[in-house]
Amino acid sequence: MHDYTKAHNRVRAIFFLHGAAFSSWVPHIPLVQERLDLGHNDLGGILLAAAIGVLAVMPIAGRLADRFGSERVVRYSGLFYFIAVGLPAFMPSYLSITIAMFALGFSGAFLDVAMNANGLNVERLRGRSIMSGLHGFWSLGGFAGAGIAAAWFALPIPITAHLPTVLSIFLVAHVIMQAGLVPDAAVHAQTSQPDIQQPNPSTQNLKRRPLIVFLLPFGVCAFIGQFGEGVITDWATVFMNTELSSGPTMAAVGFAIYSCAMAATRLSGDMLVMKFGRAQVLLTSSCLASLGTFIIALSPHFIVAWIGCAVAGMGLAVILPLLLSAASKATGKGGGTVVSIIAATGYSAIMAGPPVIGAIGELFGLVNAFIVTASFLSLIIPVYLLTMRRRLQIAGNG
């Protein structure tokens with residue numbers, strides 16, 4: 001019998017490495033902007049290339065994960081991802097960095113979909129909620145990557161050596177950890193029996209709708225949450241550097257605080273969902289995410305912006321893992337099927353949000369762009385009130 005505890009730990013490690021690699025790149029964004037003399041709109045354009053890469057992979061990532069096994073897709077997509085993350089920082093022109101950002105978005109989303117599909121499979125095998133914890137390890141990786149970057153920038157070490165060094169380490173760790181992931185075949189054999197639930201005519205009628213219709217509200221909420229996460233990830237360091245004169249080191253510290261807050265909340269997210277319910281956690285998350293982004297936008301000093309980063313991190317932390325877990329539970333489906341549908345909206349938003357905000361920032365200033373983001377994050381509440389109550393009742397509390 002497969003060791004599911006070992007598989008759980010290995011998929012945790014994959015999430016950690018993915019987050020660490022991505023957050024290692026983030027502090028380089030303002031440096032690339034300065035080196036190539038990019039305006040906010042130009043920077044938004046290269047981030048849009050990453051969004052296009054994400055959109056390009058969404059129609060195929062879930063299908064390949066289901067057909068060939070999510071563990072195999074994790075194995076091979078990771079090899080490309082840990083190379084692609086380091087490319088944009090060294091590109092000499094706008095065209096070359098645009099191509100590199102496309103590769104980053106494509107490979108990163110490929111690995112992201114596959115590792116979430118594998119995580120949902122492990123969750124079904126273990127019979128308890130684990131998705132928030134897995135995303136917590138992604139955030140721990142983000143905190144580690146950003147913290148290493150902040151320390152590296154503060155020391156008299158060439159910044160150009162940062163990404164090649166850390167990404168080489170992450171790539172070797174990925175090769176080691178992916179070997180212990182649970183095969184999808186084990187999931188199908190173990191979970192062939194359907195879940196036994198109390199009959200409820202209203203929820204049964206709701207579940208008879210086409211899968212994409214049933215999952216649409218989950219996708220809309222995922223889009224809103226991931227839009228905010230993409231903006232904070234790609235623009236918070238730029239905001240602190242350009243609007244609050246923090247410098248790259250203090251901006252990296254702000255992003256590390258954001259990542260740490262996300263990690264702490266996600267690691268406790270499964271417990272919070274089981275104690276208070278998915279609906280209450282989702283609504284509270286929306287309020288905190290909106291509040292934190294408002295604090296960043298209106299900050300008079302980068303230290304106040306750090307507080308906003310922490311609040312926004314707590315709010316954005318569990319939105320996506322909560323939705324993925326609830327959607328899988330409510331539909332009875334796992335793996336690539338659910339992830340690919342929700343990821344098509346959620347993961348595209350995390351890349352599409354930054355270029356949109358870049359355009360708004362170019363026209364109206366970054367302060368107003370962050371205010372727009374904060375307002376958008378509050379829309380999860382009316383989406384829940386109008387469409388999601390019965391769907392979350394079907395999913396239960398984890």
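All of the numbers you see were taken from the coordinates with simple rules; none came from a lab. These figures come from a predicted structure and were not determined experimentally. No Cβ is skipped: glycine too gets one built from the backbone with ideal geometry, and neighbour counts run over all protein chains shown.
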Quiz item: Which one, [x] 137; [y] 119; [z] 171, gives volume of the Cα convex hull per residue in Å³ as derived from the coordinates shown?
Solution: [y]
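Just to confirm a number: summing +1 for Lys and Arg and -1 for Asp and Glu over residues other than Pro354 whose beta-carbon lies under 11 angstrom from that of Pro354, what do you get?
That works out to -2.
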Quiz item: If you average the sequence gap of Cα pairs under 8 Å that are 6 or more apart and divide by the length of the stretch 34-174, what percent do you get for the contact order?
Solution: 30 percent
Quiz item: For the stretch 261-398, what is the charge dipole size about the Cα centre, in debye to the nearest 20, if Lys and Arg each add +1 at the Cβ and Asp and Glu each add -1 at the Cβ?
Solution: 600 debye
Exercise. Given the peptides 15-22, 265-272, 53-60, 320-327, arrange them by the average over their residues of other C-beta atoms within 10 Å, most packed first.
Key: 320-327, 15-22, 265-272, 53-60
Quiz item: Tally Lys/Arg at +1 and Asp/Glu at -1 over every other residue whose Cβ is under 14 Å from the Cβ of Met271; what's the total?
Solution: +3
Quiz prompt | With Cα atoms, 0 to 90° folded angle of helix 319-331 axis to the chain main axis | solution = 20 degrees
Practice problem: Enter the angle in degrees (range 0 to 90, nearest 10) between the Cα long axis of helix 247-267 and the first principal axis of the Cα atoms of the chain, meaning the one along which they spread out most. | Solution: 10 degrees
Exercise. Can you figure out the FRET efficiency of Ala185 with Leu211, using R₀ = 25 Å and their beta-carbon distance, to the nearest 0.05?
Key: 0.65
Exercise. Would you mind getting me the FRET efficiency between Ser168 and Leu31? Use the beta-carbon distance for r and R0 = 25 Å, nearest 0.05.
Key: 0.80
Self-check item: Most to least packed among 232-241, 123-132 [average Cβ atoms within 10 Å]
Solution: 232-241, 123-132
Quiz item: Quick one: if you stick a label point 7 Å off each Cα along the C-beta vector at Leu385 and Ile303, how many nm between them?
Solution: 3.9 nm
Self-check item: Extension reserve of the Ile60-Lys275 stretch, reckoned as 0.36 nm per residue once the Cα distance is removed
Solution: 73.8 nm
Quiz item: Around Met91, which amide H atoms from residues at least 5 apart in sequence, or from another chain, sit under 5 Å from its own amide H, with H modelled in the peptide plane?
Solution: none
Quiz item: What's the angle, to the nearest 10 degrees (0 to 90), between helix 278-297's Cα axis and the longest principal axis of the chain?
Solution: 10 degrees
